[in-house]
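Q: Take a look at this one; I'll ask things after.
A short reminder: the numbers here are calculations on the coordinates, not readings from a lab. Small disclaimer: the values here were computed from a predicted structure and weren't measured. When we count neighbours, we look across all protein chains shown, and the Cβ atoms used for this are built from the backbone with ideal geometry, even at glycine.
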């Protein structure tokens, strides 16, 4: 009789990669629900499209690379990439934006580097940046909150909008879309208006939609922390540094610099802090390294938002810190038990 | 009771599964049909058999002796007949066989004469006490199997301020120390006093995990009853691996055993409670180590603790606990976190076997390894590592066979507790990778050592050959020069006959003796008119001389001839 002789340990925690990924997907649910309520059904269409495309391309790449397809497709990582990219894309963008972005993310940023676990950059953010640079118009046509535009995008009209924008008769794209708060503030500050003047001049600043979105992602992030899928270090360091930096500049000149609360609850701050910067594969892995990594992202977001060429900077900040992650890890090894202090 | 404790980093809160095996008092296991005693049940050099096949031995009789400092003798676990001395399966993950003494019990279980030292150990020198412990074959019963007497020898100039008894027993399923503390707390505390005397330790701590309230109260009572001064209980939080020696010492004292160091380097000696009780039995009753408490748990109907004779086949114990051999999937020797799966069914219980965890086919508790996914660098492993290593980096370099890098990431500080492996969401068998890397490094170091010796030998030979060559050339040169001188000597000096100075000297000497002989005409007289006795003596002396001469020539021929000849030639010049 042959006995099974594996190496110890003989028991295992019930954790697995796909459980982790599923937890991330669930943590996105409050944000997505709110997204639909505030901005209509476009996001659901893009998310579905992104997930289907991501899974199909993942399977294709696995087949081409001769890897076990079922095992890796079911790990859930492609789903998370798809969802995060869809959340970064304007929900009224045409369908091919998502398809191109996902294809680039999965094929180039993920599989050409060796697939799950080997990608030095966050694939969703690579996909997003490629789209942002290649299709600036489509990528900056954001819908206004429905409360402002008074246009409700039901599922069917959203689908029509996404799949065939020209045939959409009853919806005026210009009426639907509008500047985001970060975008508008940036352009107006550039015209020498003060922060107060800008905020009082546009109805978008009276909408709390963006703030609620951030709160929803903050809640999802809190749940991820509770479930121990992510550690507190990166979000805390990122939000902390963004907060401190914006406080310093806000106190220095409140007319030219937005308030810390504006920075924390606008744009992709919370989504970035809890769902994007915490992608374990491309982030720093030591605890001190995670703090440095998070601080770096926070600082870069503030710099890009304030002086850079793009209204929001989460994607660039994350990618720039992805480059630094291996070096950060190298210099932040903690003292091993019984070893002398360095 | 110690209040201030320190928290070691990482670790796991594991489900203990300890209740099932602690329901009943510990019973002696049935006398086995056969006893198999491996000669190496400890860390160190295997013992050497001192019995022969067919011999009848009594329980407790020494049947194999320690062969080195780091070694331990083996005693017969019961009375019976030695049936075989030779290779047999041993409890080792390799599945390799090793020399074992097989004993067929005669059913009498009759003890040999035992000598107790209960009343005089405090008059003994600690070294004499250590010898008794050594002679009783006692090794660390917690699992490591390091000969206990060595740990009791702090060495000159070292003082031990804390003696810690380890009753943490942090692995799931294992409860033998728990039961021992509940049932034999007096023996443990009495053993503590012996250890303390041997070490001259200033104070003692008995550490028990807080999930063993009955053991805690039993030990507390024993401390009070035996009125032991300067001895405290430390109730440590239940967190795996709290019973790891270095983790326990840190929890209690806040001191970190330095890398490559021993607890002695921070003034601490740590002994398992089971070992301590065994030492008590050895000193106070003269009983050598022939049995131990052990747990049989896992997928069996009646998990329990038994007092088992060393050498009992594992399967007999499983059957005794109503486990089904037919449905066995694996037999884990030790607990599920650090124990190893036995490769065969015939292995016996040895001194270090604290538990046999049984897993059935299709077990819920002990599932087969899931397919391995790539590392997603989540860092869960680093969070739970009690040594603060970076397990994923170690894995990365081990899998790439970058062995020097694994050492740079302190591979050898890994205690193989399995925490990282347990939490890994990618189901990477991390510990297996570390073991592989360690084994590979040891192997390479052995090979380097071998090749170093070979290189040294080669270099020495090369040097010697070069020296010999130089010497030979020097000699040749001298001869040539001499020959050249004679050849070059100018013909006009022919008036003097060309005579070699040596020959001239010889001739001169001959001349002198001739003249002496002719002038004195005296014959040597001391060998004239010898008695027979004297003649015989001379003959004997001559015979001895020739014999010696012959021997010395033989010896010089056998001992590396080139070097010797070279030396002789140098002398002759």
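Q: Can you sort B:538, B:252, A:276 by how many other beta carbons sit within 10 Å, fewest first?
A: By the 10 Å Cβ count, ascending, the order reads B:538, B:252, A:276.
Q: What's the FRET efficiency of residue B:443 with residue B:259 using the Cβ-Cβ distance as r and R₀ = 25 Å, to the nearest 0.05?
A: It comes out at approximately 0.70.
Q: Taking the simple approach of a point 7 Å from Cα along Cα-to-Cβ for both residue B:458 and residue B:399, what is their distance in nm?
A: Using points 7 Å along Cα→Cβ, the separation is 3.8 nm.
Q: Something else: Subtracting the Cα-Cα distance from 0.36 nm times the residue separation, let me have the gained length for residue B:116 to residue B:94 in nm, one decimal.
A: In short, 4.0 nm is gained.
Q: Helix-derived [θ] at 222 nm for the protein assembly as shown: sum -39500 (n - 2.57) over DSSP H runs of at least 4, divide by residue count, nearest 500?
A: Helices in the protein assembly as shown give a 222 nm mean residue ellipticity of -15000 deg cm²/dmol.
Q: How high is the relative contact order of region A:99-233? Use alpha-carbon pairs under 8 Å, at least six apart in sequence, and give a whole percent.
A: 17
Q: Neighbour counts of other C-beta atoms within 10 Å: give me B:62, B:485 arranged from fewest to most.
A: The most exposed by this proxy come first: B:485, B:62.
Q: Take every DSSP beta bridge with both residues inside the protein assembly as shown and express the antiparallel ones as a percent of the total, to the nearest 5.
A: 60
Q: Report the normalised scattering of chain A as log10 I(q)/I(0) at q = 0.07 Å⁻¹, calculated by the Debye formula with identical scatterers on the alpha carbons.
A: After summing over all Cα pairs, the log10 values are -0.31.
Q: Of all alpha-carbon pairs in region A:238-321, indicate the percentage at a distance above 15 angstrom.
A: Every Cα pair in region A:238-321 considered, those over 15 Å come to 52 percent.
Q: So, one more: In degrees between 0 and 90, to the nearest 10, how far off the longest principal axis of chain B does helix B:430-488 point, with axes built from Cα atoms?
A: The angle comes out at about 10 degrees.
Q: Give the average, rounded to an integer, of partner chain Cβ atoms located within 10 angstrom of each Cβ in B:330-342.
A: The mean count of partner-chain Cβ atoms within 10 Å per residue comes to 4.
Q: Quick one: compute the contact order of chain B, relative version, from alpha carbon pairs under 8 angstrom and 6+ residues apart, as a percent.
A: In percent, rounded to a whole number, it is 15.
Q: Shifting gears a bit: Let me know the shape class of region A:159-309, please: from the alpha-carbon gyration tensor, a ≥ b ≥ c as square roots of the eigenvalues, rounded when a/c is under 1.5, otherwise prolate if a/b is greater than b/c, or oblate.
A: Oblate is the answer for region A:159-309, as a/c is 1.5 or above yet b/c matches or exceeds a/b.
Q: Could you give me the radius of gyration and the Dmax of region B:20-333, taking only the C-alpha atoms into account and expressing both in angstrom?
A: Rg, Dmax (Cα atoms, Å): 19.1, 57.
Q: Rank-order B:353-364, A:14-25 by packing density, defined as the average count of other C-beta atoms within 10 Å over each peptide's residues, highest first.
A: Highest-to-lowest ranking by the protection proxy: B:353-364, A:14-25.
Q: Now a separate question. By the gyration tensor of its Cα atoms, with a ≥ b ≥ c the square roots of the eigenvalues, what is the shape of region B:192-342: rounded for a/c under 1.5, prolate for a/b over b/c, or oblate?
A: prolate
Q: Could you work out, residue by residue across B:417-427, how many beta carbons of other chains sit within 10 Å of that residue's beta carbon, and then give the average as an integer?
A: 5
Q: What share of all Cα pairs of the protein assembly as shown, in percent, falls into each consecutive 10 Å distance bin?
A: In whole percents, the pair-distance histogram is 2, 9, 15, 15, 12, 11, 10, 8, 6, 4, 3, 2, 1, 1, 0, 0.
Q: For region B:230-286, report the convex hull volume of the alpha-carbon atoms normalised per residue, in Å³, without decimals.
A: It comes to 118 Å³ per residue, whole-number rounded.
Q: Next up: Calculated FRET efficiency, residue A:174 and residue A:227, Cβ-Cβ r, R0 51 Å, to nearest 0.05?
A: 0.75
Q: Next question, about the same structure. Taking 20 °C and 1.002 mPa s as the conditions, I'd like the Stokes-Einstein D for chain B in µm²/s, using the Kirkwood hydrodynamic radius from alpha carbon pairs.
A: Result for D is 74 µm²/s.
Q: Under a crude label model (7 Å from the Cα following the beta-carbon direction), how far is residue B:536 from residue B:106 in nanometres?
A: Here the answer is 5.9 nm between the modelled labels.
Q: Given an 8 Å cut-off on Cα distances and at least 6 residues of separation, report the relative contact order of region B:157-285 as a percent.
A: Computed value for region B:157-285: 39 percent relative contact order.
Q: Next up: Evaluate peptide B:383-392: per residue, the Cβ atoms of other protein chains within 10 Å of its Cβ; return the mean as an integer.
A: Across the residues of B:383-392, the mean count of other-chain Cβ atoms within 10 Å is 3.
Q: Hey, what does the equivalent ellipsoid look like for region A:16-177, semi-axes from the Cα gyration tensor as sqrt of 5 times each eigenvalue, largest first, whole Å?
A: Value: 30, 16, 13 Å, ordered largest first.
Q: Using only alpha-carbon positions, what ratio does the radius of gyration of region B:380-441 give when scaled by 2.2 N^0.38 Å?
A: It is 0.96.
Q: While we're on this one: Compute the helix-to-body angle for B:501-520: its Cα long axis versus the longest principal axis of chain B, expressed 0 to 90° and rounded to tens.
A: Between the helix axis and the principal axis of chain B, the angle is about 70 degrees.
Q: While we're looking at this one, here's another question. What span do the alpha-carbon atoms of region B:335-431 cover on each of the three principal axes, reported in whole Å from largest to smallest?
A: 40, 30, 24
Q: Right, next: For chain B, find the longest principal axis of its Cα atoms and tell me its angle to the long axis of helix B:273-284, 0 to 90°, nearest 10.
A: So the helix axis and the longest Cα principal axis differ by about 70 degrees.
Q: Quick check on the exposure proxy: order A:226, A:4 from fewest to most C-beta atoms within 10 angstrom.
A: A:226, A:4
Q: Just to be sure I understand: of the beta bridges DSSP finds with both ends in chain B, what percent are antiparallel, rounded to 5?
A: DSSP beta bridges in chain B are roughly 55 percent antiparallel.
Q: Using R₀ = 30 Å, calculate the FRET efficiency as 1/(1 + (r/R₀)^6) where r is the Cβ-Cβ separation of residue B:123 and residue B:56; round to 0.05.
A: 0.25
Q: Continuing with the same structure: Relative to a virtual label point 7 Å from the Cα of residue A:71 in the Cα→beta-carbon direction, which members of region B:416-445 show backbone nitrogen distances below 15 Å?
A: Answer for this model: B:425-430.
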